[in-house]
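**Q** Dropping the structure in here first, questions after.
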Amino acid sequence: MTFTSNIAIDGYSSSGKSTFAKEIAKELGYIYIDSGAMYRAVALYCLENGIVTADRFDHVKLIESLDRIHIEFSVDPAANKQLTLLNGRNVEESIRGIRISELASKVSQVKEVRWKMVGLQRSIAEKGGIVMDGRDIGTVVFPDAKMKIFMTASLEVRARRRYDELMQRGIQASYDEVLESIRMRDHEDENRTESPLCKAEGAVTLDNSKMTIEEQMKWFRHHWKSANSNNEN
């Protein structure tokens, strides 16, 4: 199975992957898939079903529950917004808080969870024309993607972006709390046993610390043209 017509975007937490991926999908007429939302949905299921408590993470129960966790994507036409569905329920807002973000990092370290999510991601992308962002898309999910991008930005810039996003959503948090949460997430992502965060072979790096989305899209158009030229040769 090959996924040569898809675009894989990996990178650090709050590096702007989703915003960038959505703009690319819009420009190319591709479909955008937020792989991180899948892990967040699993994390929410764990929290709601007692798999995770303040002092315990029941890995065995999580693995046994995987067949009962069904994740889908839908679109709200009125808001032109992608929705994440967990067992048929819209959980898009519920999965965006700091607690779920931290828990998603732990959930993603369970290899059985990653296998299930990778299988789902590949099944969604079989027909091509997908822009997917995450942390192992170019390394594991679509290693033969037409274009692979690795995104980064300074820790402080990413913390400020995440803090502003939470404030806009009405979720209360301090900047220092967000900064530490992202620092911990970086460490866990880079050092986990299963599919650690790293730059995929052949990926191009985008540091958008000081770039607007318009500047990022200009950068993309240049590299997309190059990727298409290379594939034609």
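**Q** For the chain, state what percent of all Cα-Cα pairs lands in each successive 5 Å bin, counting from 0 Å until the bin that includes the largest distance.
**A** 1, 6, 14, 19, 21, 18, 13, 6, 2, 1, 0, 0
**Q** Using 28 Å as the Cα-Cα cut-off, could you pick out the over-long pairs in Lys26/Lys127; Lys22/Lys225; Lys22/Lys210; Lys26/Lys61; Lys148/Lys210; Lys17/Lys61?
**A** Violating the 28 Å limit, Cα to Cα: Lys26/Lys61; Lys17/Lys61.
**Q** Sticking with this structure for a sec: Given a 10 angstrom Cα cut-off, can you work out which residue in Asp67, Asp164, Asp186 is the most mobile in a GNM of the chain?
**A** Asp67
**Q** Would you calculate a helix-derived [θ] at 222 nm for the chain, using -39,500 (n - 2.57) for each DSSP H run of n ≥ 4 and dividing by the full residue count, to the nearest 500?
**A** Calculated from helices alone, the mean residue ellipticity at 222 nm is -15000 deg cm²/dmol.
**Q** If you build a Gaussian network model of the chain, linking Cα atoms that sit under 10 Å apart, which residue out of Ser209, Ser15, Ser174 swings the most?
**A** Judging by the Gaussian network model, the answer is Ser174.
**Q** Moving on. Using Cα-only point scatterers and the Debye equation, what is log10 of I(q)/I(0) for the range 58-149 at each q in 0.11 Å⁻¹, rounded to two decimals?
**A** The computed values of log10 I(q)/I(0) come out as -0.37.
**Q** Ok, one more. Would you give the gap between the C-alpha center of the range 53-89 and the C-alpha center of the range 176-223, rounded to a whole Å?
**A** Between the Cα centre of the range 53-89 and that of the range 176-223, the gap is 24 Å.
**Q** Something else about it: Work out the FRET efficiency for Lys81 and Thr193 from their Cβ-Cβ distance, taking R0 = 25 Å, and round it to the nearest 0.05.
**A** Once rounded, the FRET efficiency stands at 0.15.
**Q** Rounded to the nearest 0.05, what FRET efficiency is calculated for Glu27 and Met184 with R0 set to 30 Å and r the Cβ-Cβ distance?
**A** FRET efficiency, Glu27 to Met184: 0.30.
**Q** Quick one: if the Förster radius is 41 Å, what FRET efficiency do Arg221 and Asp55 give, using the C-beta to C-beta distance and rounding to 0.05?
**A** Here the calculated transfer efficiency is 0.25.
**Q** A further question follows. Go through 79-89, 139-149, 31-41, 104-114 and give me the packing order, highest mean Cβ count within 10 Å leading.
**A** Highest mean packing first, the order is 31-41, 139-149, 104-114, 79-89.
**Q** Please check: in the Gaussian network model of the chain (C-alpha springs, under 10 Å), which one of Lys22, Lys116, Lys199 has the largest mean-square fluctuation.
**A** Lys116
**Q** Could you tell me what percent of the DSSP beta bridges with both partners in the chain are antiparallel, to the nearest 5?
**A** Among the beta bridges of the chain, antiparallel pairing accounts for roughly 35 percent.
Every read-out reported here was derived from the displayed coordinates using simple, explicitly stated rules and does not represent laboratory data. The structure displayed is predicted, hence computed values, not measured ones. Using ideal geometry, Cβ is built from the backbone for each residue, glycine included, and neighbour counts are taken over all protein chains shown.
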